[in-house]
Amino acid sequence: MTVWFWLPVVIAISLLLNGLRLRGRLRRLDTLPASGRPVDPDHLFICAEGVQLTDAARRAASYHASRERLDVLDLVPADLTIERALDVARMVDTRTYRNDRMAAGRGAFQALLVRAEVARRAGVEIRDDYTAVELVEVTERLKRYAPGSTDLAVLPGLRAARDDAASRARVQKRAWEETRPLRLVLPTLRDLAIGLSFHENRPWGFAAMALFWCQPFFVCLGRVPVAPRDLIRAPIVRLLSGPLFALDAVRTWRRETKAAAAAKAAGRAPDPVKERKKAEAAQRRDRYQHEFAAGPERYLQPPRPDCPWCGSYDLAIRLITKDLEQRKPGRFQLDECQECGHIFQNPRLSLTGTAIYERDRRDGINAEQYEAAQANNAALLRARAEIVRPFVLPRTWLDVGTGLGHFCNAARSVWPRTVFDGVGPDRTISEAERRGWVDTAYRGRFTDHAARVAGLYDVISMFNYLERSRDPSAELDGVAKALGPGGFLVAELPNPHGLGARWLGRLWRGWAVPAAKQLIPVDNLVAALEDRGLRTVLVQIGPAHQPGDLLSAVGMAIQAIAPSPTQPWSEERAVAVRWLWRALVLLAAIGPAILAGIVGAVAAGFMRTDSRSNTYRIVARKEG
């Protein structure tokens, strides 16, 4: 028996188990009861085009939101099409959605109740003519501004908007392309696998196809709050999904072409949103082309002859590389001190250069990717918060370099009564404050606020911060000044002497060139803290390991060989040829990427032993 014989068996069992999982999720949806109470004036309603909310429906939704203390409520029509109902179950884990502060905002994308104050902070416009794709963005945004008070429920009597296969495909693409891109191709891979293995095991091949066609019945029949209007036609719809999608795509194209022609005749832009994004992209490209016109070398300061940590002049080149993450122009050198092992960027970027290379790394064109990455790292963020449990029950916590506040948001599920404040640049810390992820925002550098916050915090954390600092010694001086007796510092840094750094060379993600300025060996950091009156109570190396080095190395290799032609700092010549080359490289990288993911998962236990880890954490206590 070959792998092709067992493949349809695995697919059939997976379809059955997945159907049971989806059914469980749908069964846990609340159904809103009718209410005679008036709608709370603080509750506003957002709808997709074609969705009508009756007064009775508004009263029921408002009563439920008030009773459950919800700021955002996604209203699920009971008559969704079967595939849209299944999408709700695929996207939302109804057991954890409300309390999962890091979960991406998802729902039926038909109608929303939102509290006025949340809508104002989120900058969401109250309209009743959104498209389903636009409501994906609105739902994501609202969940970020109400991370612990967002839920969804079935609203009887609410009629879903007209749906078709092409519209659903656009919604799926927008919802999954950043968070779960593999789900966009899984159906195709499943069908291909069944077709290729059918001749090896026909009985189970037929069983897999039958289970796929009939899956909607055992998901939605019986005691399930939703009653899809096309349930009885589900097997036929699934069987003819390809032709139906093509037909709907043609209809949509004709409708959009007609609307664009009408807008052009009236002197309006055919698609204002697309035109705005196109103008922003052109402006961004012009800005980068101007900044790099004279060469990236002008953003480098003169090299220093000595080690910034111990002052030794015995330096050796550890690494010369490019920006492998974003592929912005420039070459960067990391020197290693032969006396203390400290690794630092030499020459380092100027302040202007740092701002240019940091732009669009976690914001701008990469903002959604960064949000998705942080959501996927929710368990890691909670583990960072848990590390202090043996030592202190924190009442106040200051996160330095907090960015948009993802750590503080996730840590609230671990320490719900703790006050979380943050320090960071104005552009990011202000957004964290608007979202409510930090209670107090300190704008600017930590060293400027250290004396002001002295003794106020039980814990100060620096996650992936010290290595990006221009002067980590000054930052540690600030910690010693800010912590009162008995206060704790928690720091997490990449381990430059781990196995990944040695084996993967410049493709190791921990180098983070050019964002990382200093890579500090664990012994150096422990000694520096001791000099400042902070006694190290925990050094965590193995358990701090973060899997993914191999997969990340494949991604950086792809960027090095075939960078994305859409990058505004890249050249504009031969764009079609570069797209073709990138497509070929991506296709060739599928095998290595799968292998890297498997090997990385299998080797995770091995990497968590001794000092092989790619990361280390330290907890230090300020002595009285």
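Scanning region 387-418 for residues that are of a type in the set (Ser, Thr, Tyr) and touching a helix residue (DSSP H, G or I) at 6+ places or on another chain (Cβ under 8 Å) returns Thr402, Ser413, Thr418.
The test for being in contact with a strand residue (DSSP E or B) (Cβ under 9 Å, 6 or more places away or on another chain) and open to solvent by less than 10 Å² (accessible area, probe 1.4 Å) does not hold for Ala78. Across region 106-151, the number of residues qualifying as open to solvent by 10 Å² or more (accessible area, probe 1.4 Å) and of a type in the set (A, V, I, L, M) comes to 6. Kindly check whether there is at least one residue in region 468-477 that is of a type outside the set (Val, Ile, Thr), open to solvent by less than 10 Å² (accessible area, probe 1.4 Å) and outside any loop (DSSP other than H, G, I, E, B). Yes, region 468-477 contains at least one residue that is of a type outside the set (Val, Ile, Thr), open to solvent by less than 10 Å² (accessible area, probe 1.4 Å) and outside any loop (DSSP other than H, G, I, E, B). Those helices (runs of 4 or more DSSP H) of region 96-180 in which at least 1 residues are under 20 Å from Ala57 (Cβ atoms) and of a type in the set (A, V, I, L, M), considering only elements entirely within it, cover 116-122, 132-145.
Once region 580-611 is narrowed to residues that are open to solvent by 60 Å² or more (accessible area, probe 1.4 Å) and in a loop (DSSP other than H, G, I, E, B), the residue that is modelled with the highest pLDDT is Arg608.
Residues that are in a loop (DSSP other than H, G, I, E, B) and either touching a residue at least 40 places away in the same chain (Cβ under 8 Å) or open to solvent by less than 70 Å² (accessible area, probe 1.4 Å) (or both): does region 207-217 have at least one? Among the residues of region 207-217, not one is in a loop (DSSP other than H, G, I, E, B) and either touching a residue at least 40 places away in the same chain (Cβ under 8 Å) or open to solvent by less than 70 Å² (accessible area, probe 1.4 Å) (or both), which makes the answer no. What is the one condition in (1) within 30 Å of Met91 (Cβ to Cβ); (2) in contact (Cβ under 8 Å) with a residue 40 or more places away in the chain that Asn346 does not satisfy? Unmet for Asn346, out of (1) within 30 Å of Met91 (Cβ to Cβ); (2) in contact (Cβ under 8 Å) with a residue 40 or more places away in the chain: (1). Return a yes/no flag: does region 558-569 have any residue that is in a loop (DSSP other than H, G, I, E, B), among the β-branched types (Val, Ile, Thr) and buried (at least 21 other Cβ atoms within 10 Å of the Cβ). No - not one qualifying residue is present in region 558-569. Among the residues of region 84-102, are any more than 23 Å from the chain's Cα centre (by Cα), in contact (Cβ under 8 Å) with a residue 40 or more places away in the chain and open to solvent by 10 Å² or more (accessible area, probe 1.4 Å)? For region 84-102, residues more than 23 Å from the chain's Cα centre (by Cα), in contact (Cβ under 8 Å) with a residue 40 or more places away in the chain and open to solvent by 10 Å² or more (accessible area, probe 1.4 Å): present. Can you find even one residue in region 512-523 that is touching a Ser or Thr at 6+ places or on another chain (Cβ under 6 Å) and assigned to a helix (DSSP H, G or I)? No, region 512-523 contains no residue that is touching a Ser or Thr at 6+ places or on another chain (Cβ under 6 Å) and assigned to a helix (DSSP H, G or I).
Residue count for region 4-18, restricted to those that are touching a residue at least 60 places away in the same chain (Cβ under 8 Å) and among the β-branched types (Val, Ile, Thr): 2. Of all residues in region 524-557, those being assigned to a loop (DSSP other than H, G, I, E, B), without any contact (Cβ under 8 Å) to a residue 60 or more places away in the chain and aliphatic (A, V, I, L, M) number 0. Candidates Gly436, Gly505, Gly455, Gly498: the one that is open to solvent by 20 Å² or more (accessible area, probe 1.4 Å) and touching a Lys or Arg at 6+ places or on another chain (Cβ under 8 Å) is Gly436.
Taking region 312-346 as the range and being within 17 Å of Ala557 (Cα to Cα), hydrophobic (A, V, I, L, M, F, W, C) and part of a loop (DSSP other than H, G, I, E, B) as the test, only Leu324 passes. Screening Arg285, Arg304, Arg254, Arg229 for residues that are of a type in the set (D, E, K, R), open to solvent by less than 50 Å² (accessible area, probe 1.4 Å) and either in a helix (DSSP H, G or I) or in contact (Cβ under 8 Å) with a residue 12 or more places away in the chain (or both) leaves exactly one candidate, Arg285. Scanning region 357-405 for residues that are assigned to a strand (DSSP E or B), open to solvent by less than 20 Å² (accessible area, probe 1.4 Å) and of a type outside the set (Asp, Glu) gives Trp397, Leu398, Val400. The set of residues in region 123-141 that are more than 24 Å from Leu184 (Cα to Cα) and touching a residue at least 60 places away in the same chain (Cβ under 8 Å) comprises Val124, Ile126, Arg127, Asp128, Asp129.
The values are calculated or read from the model by the stated rules, or taken from the named source; none is laboratory data. As the structure is a prediction and not an experimental result, all values here were calculated from the model. Every residue, glycine among them, receives a Cβ derived from its backbone with ideal geometry; neighbour counts consider all protein chains shown. Just so you know, the surface numbers come from the protein's heavy atoms only, side chains and all, with ligands and any DNA or RNA stripped out. Shrake-Rupley method; radii C 1.70, N 1.55, O 1.52, S 1.80 Å.
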